[in-house]
Each structure stands twice: as C-alpha cells, then as structure tokens.
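*Asks:* Have a look at the structure that comes next, please.
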Amino acid sequence: MLPETSSIRSLFLAGPSGRLEALLNAGSPNATHAAVVCHPHPLYGGTLHNKVVFHAMKALNRFGFPVLRFNFRGTGLSEGEHAGGIGEGEDVRAALDWLEREFMLPVIFAGFSFGAAVGLRAAYSDDRVRALIALGLPAVPVEDRIEDRVYDFEFLRECVKPKLFVSGSRDQFAPAGKLEALVNTFADPKKLVRIEAGDHFFEGRLREMREAIETWLREITTIR
C-alpha cells in the first residue's frame, strides 16, 4: 500500500444532462487501477462530500488508485434534475467514460446506499469495471414521504466479478438476515462484511468500514 496522496483536482464531467461536478484524488504514476465512488440519495442530502464516500475514496487511494467522486445530476453544481435512479445510471457511465479517456486503466466501482444500487446496475456489465464494492446496500424497499424506492438486484445473480458488500449490523435498510439472504443469491466471488454496531451511515464505525475495503482489496487477485 502507498501513502495517501494529497493532490485533489476539481473538475466537471460531460454528463448526459449537462455538466457533472467532480473531484479527482490523484493516484500513483504506476497505478494498476482507477476507481469511482458514488454518493447516497441526493434528495436526502447525499453528495460527493459524504463521509462514507470520503472514507471509501481514502481506502482506494491508499492502493495508489486515482479515485473519482462526482455529484449526480441536480446535486451541488451538477446540472440537470434528479431522475429516479435511471438517469443517474447514465451519469455513472459518463464517469466511466471520463476515467477511460483520462487513464486507460481497469476500474473498481464503489457506491454507498443509493449510489451502490444505481451504480451496480450501471457497472456490473461494463467491461471496464473489474470489481464492485457496495456500502450500505438497501436490502428492503424504502418507503417515505419523498420517494418510495424498490431496488432489484437480480442482475448480480449472473455477475462473476469480485463483489464486496459492507453494512452495519444495525443498518435499518438491511435488517438482520435480509441482506445475508440477498447476497446469497448473487454469483461468486463475493464477500459480505457486517460492521458490529454500525448503522446505515457507519456512524462511529467508519474506520472499520475502511479497513474492510482495504482487507478485501488485498485479498482479491482476479481484478487485473
């Protein structure tokens, strides 16, 4: 593992509905992979500055990978409007296009909550993406006053890319047994890590979440 880089570049990506605000944490000159991290639901305050997103970036950056974070359409300085997850999947593909032009490296995808659900669907079949990380994956329907959300992960039953799932043991969107049963339906290779006493946002458990990512990255050997 390499020392973390302090070089951060602010930029805009060309998205399908306008410019997407982004930050790039620079990687090592001899980086083997690039990475992208997607933020949680924008209608509930999710942005690229989210703490879980930040710590996921730090974990990936420690391996020398350049890491891209961006705001989904209609969030922060990103143009466009929220599109219920469908348009946001197109935003993920725009980020992958940018990474390909910039680095020509295989990509590791990571996403938190809504960012995981939307990003997994966009990334699982993309040949540029070699491994998938889902943090706080919603394992049950989410019903509230703003937007009801039901996520379908059937596509992961056939996805043979390495997959890591990290959730808190007290995550209200992944009750005990529900996430385990869901992940059991997914194709191998896969790994599920439950962070003891962690909630959906890994409050007070961000270090453990980060260590779970770093341990898994050291374990897998099939992402090259």
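The values are calculated or read from the model by the stated rules, or taken from the named source; none is laboratory data. Note that the structure is predicted; figures quoted are calculated from it, not measured. Neighbour counts are summed over all protein chains in view; Cβ atoms, including those assigned to glycine, are modelled from backbone coordinates with ideal geometry. Surface areas here come from the heavy atoms of the whole protein model, side chains and all, with no ligands, DNA or RNA. Shrake-Rupley method; radii C 1.70, N 1.55, O 1.52, S 1.80 Å.
*Asks:* Report ³J(HN,Hα) in whole Hz for each residue of the range 132-139, in order, from the Karplus equation J = 6.51 cos²θ - 1.76 cosθ + 1.60 where θ = phi - 60°; Gly and Pro get x.
*Replies:* Coupling constants for the range 132-139: 10, 10, 10, 10, x, 5, x, 9 Hz.
*Asks:* Once you place label points 7 Å from the Cα toward the Cβ at VAL140 and GLU219, how far apart are they in nm?
*Replies:* 2.6
*Asks:* List the residues whose amide H sits under 5 Å from the amide H of LEU192, counting only those 5 or more places along or on another chain, with H placed 1.01 Å from N in the peptide plane.
*Replies:* Those qualifying (amide H under 5 Å, at least 5 residues apart or on another chain) are PHE165.
*Asks:* So, one more: Show me, for the range 108-114, the HN-Hα J-couplings you get by feeding each phi into the Karplus relation (A = 6.51, B = -1.76, C = 1.60, θ = phi - 60°), rounded to Hz, glycine and proline as x.
*Replies:* Calculated HN-Hα couplings, in order: 9, 9, 9, x, 10, 6, 3 Hz.
*Asks:* Sort the following peptides by mean Cβ neighbour count (other Cβ atoms within 10 Å, averaged over residues), highest first: 98-106, 20-28.
*Replies:* The packing order, highest mean first, is 20-28, 98-106.
*Asks:* Roughly what would the spin-label model give for ARG128 and THR185, points 7 Å off Cα along C-beta, in nm?
*Replies:* Taking the two extended label points, one gets 3.0 nm.
*Asks:* Helix-derived [θ] at 222 nm for the chain: sum -39500 (n - 2.57) over DSSP H runs of at least 4, divide by residue count, nearest 500?
*Replies:* -8500 deg cm²/dmol
*Asks:* Could you tell me the convex hull volume per residue, in Å³, taken over the Cα atoms of the chain?
*Replies:* Each residue corresponds to 109 Å³ of Cα convex hull volume.
*Asks:* Here's something else I'd like to know. Quick one: which residues, 5 or more positions from CYS38 or on another chain, have an amide H under 5 Å from its amide H? H modelled 1.01 Å from N in the peptide plane, none for Pro or chain starts.
*Replies:* So CYS38 has HN proximity to ALA110, GLY111, PHE112.
*Asks:* Along the charge dipole of the chain, Cβ charges K/R +1 and D/E -1, which of LEU48, VAL67, HIS200 sits furthest on the positive end?
*Replies:* Result: VAL67, furthest along the dipole toward the positive end.
*Asks:* Where in the range 129-143 is the amide nitrogen less than 18 Å from a point lying 7 Å along the Cα-to-Cβ axis of LYS178?
*Replies:* The answer is 134-143, whose backbone nitrogens lie closer than 18 Å to the label point.
*Asks:* Suppose each label sits 7 Å from its Cα in the direction of the beta carbon; what would the SER28-GLU203 distance come out to in nanometres?
*Replies:* Taking the simple label geometry, SER28 and GLU203 are separated by 3.7 nm.
*Asks:* Rounded, prolate or oblate: pick one for the range 38-139, where a ≥ b ≥ c are the square roots of the eigenvalues of its C-alpha gyration tensor, a/c under 1.5 means rounded, and failing that, prolate if a/b is larger than b/c, else oblate.
*Replies:* rounded
*Asks:* Here's something else I'd like to know. Considering the convex hull of the alpha carbon atoms of the range 1-94, report its projected area averaged over all viewing directions, in nm², one decimal.
*Replies:* Dividing the Cα hull surface by four gives the mean projection, 5.7 nm².
*Asks:* Let me ask something else. Under 26 Å from the Cα of LYS161, which lysines turn up, not counting those fewer than eight places away in the same chain?
*Replies:* The qualifying lysines are LYS58, LYS178, LYS190, LYS191.
*Asks:* Run the 1.4 Å probe and let me know the accessible area of PHE186, rounded to the nearest 10 Å².
*Replies:* The accessible area comes out at roughly 10 Å².
*Asks:* Using θ = phi - 60° and the Karplus form 6.51 cos²θ - 1.76 cosθ + 1.60, what ³J(HN,Hα) does each residue of the range 7-20 get, whole Hz, x for Gly and Pro?
*Replies:* Those phi angles translate into 7, 10, 10, 9, 7, 10, 9, 7, x, x, 10, x, 5, 10 Hz.
*Asks:* Summing +1 for each Lys or Arg and -1 for each Asp or Glu, what net charge is found among the other residues whose Cβ lies under 15 Å from the Cβ of ARG157?
*Replies:* Net charge in that neighbourhood comes out at 0.
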